[in-house]
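I have placed the structure first, in the form of structure tokens, so that the comments after it can refer back to it.
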Amino acid sequence: MGGIDPATALFAVKTGIGLIQQRQQARAQNAAAAAVAQSQTQQIRRAQEIRERQRREQLRRALASQRASFGAQGIGRGGSADAVLKGLSDETERRIGDERGLNDLRIGDINFGLERRRRRNLLELSSARNRAAFNLLGKGLQSFSLLER
């Protein structure tokens, strides 16, 4: 009298296989999304490095030009000349810092989207497992009631 009828057993096997496939698909989607996020992050960081190097090279040229201009005017080091040069340097560093801050926000948004996707996949997989368990329970109850008749 005890036991599982073949239809219920087949349903359980199919359900298990479906869940395994869904888990594998979710893992593959998560891995692909992580790879895209990593690539985007690397592109942002690389572009940032290039722009910082360009800004610092531009600053070096501006400082050299300004020093030459001061020298041509007979203005030596110290006082206002140093203040002007320091102002150019400070402005460049502020711009670099601002860009880093924006890039950090962009990368944070990328990582947030990745985490949101991972959680959604996990939630969908969990929901599928729960539905499968209830369907299997329902099938088992149906076969149990048929055996009692």
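With respect to Glu91, determine if the residue is part of a helix (DSSP H, G or I), of a type in the set (D, E, K, R), in contact with a helix residue (DSSP H, G or I) (Cβ under 6 Å, 6 or more places away or on another chain) and closer than 30 Å to Ile110 by Cβ. Considered against the rule, which asks whether it is part of a helix (DSSP H, G or I), of a type in the set (D, E, K, R), in contact with a helix residue (DSSP H, G or I) (Cβ under 6 Å, 6 or more places away or on another chain) and closer than 30 Å to Ile110 by Cβ, Glu91 comes out as no. Using the structure shown, decide if Leu63 is surrounded by 11 or more Cβ atoms within 10 Å (Cβ to Cβ), in contact with a Ser or Thr (Cβ under 8 Å, 6 or more places away or on another chain) and not polar (S, T, N, Q). It is true that Leu63 is surrounded by 11 or more Cβ atoms within 10 Å (Cβ to Cβ), in contact with a Ser or Thr (Cβ under 8 Å, 6 or more places away or on another chain) and not polar (S, T, N, Q). Only residues that are farther than 17 Å from Gln38 by Cβ and touching a residue at least 12 places away in the same chain (Cβ under 8 Å) were counted across the range 89-112, and they come to 6.
Is the range 89-99 home to any residue that is of a type outside the set (A, V, I, L, M), closer than 22 Å to Glu52 by Cα and within 18 Å of the chain's Cα centre (by Cα)? No, the range 89-99 contains no residue that is of a type outside the set (A, V, I, L, M), closer than 22 Å to Glu52 by Cα and within 18 Å of the chain's Cα centre (by Cα).
Looking for something at pLDDT below 90, surrounded by 14 or more Cβ atoms within 10 Å (Cβ to Cβ) and over 30 Å from Leu123 (Cα atoms) - is there at least one such residue anywhere in the range 5-17? Scanning the range 5-17, I find at least one residue that is at pLDDT below 90, surrounded by 14 or more Cβ atoms within 10 Å (Cβ to Cβ) and over 30 Å from Leu123 (Cα atoms), so the answer is yes.
Is there a residue being surrounded by 12 or more Cβ atoms within 10 Å (Cβ to Cβ), under 11 Å from the mean Cα position of the chain (by Cα) and among the aliphatic types (A, V, I, L, M) anywhere in the range 108-118? Yes: the range 108-118 contains one or more residues that are surrounded by 12 or more Cβ atoms within 10 Å (Cβ to Cβ), under 11 Å from the mean Cα position of the chain (by Cα) and among the aliphatic types (A, V, I, L, M).
The values are calculated or read from the model by the stated rules, or taken from the named source; none is laboratory data. No experiment lies behind these values; they were computed from the predicted model shown. Glycine also receives a Cβ, built like all others from the backbone with ideal geometry; neighbour counts cover every protein chain displayed.
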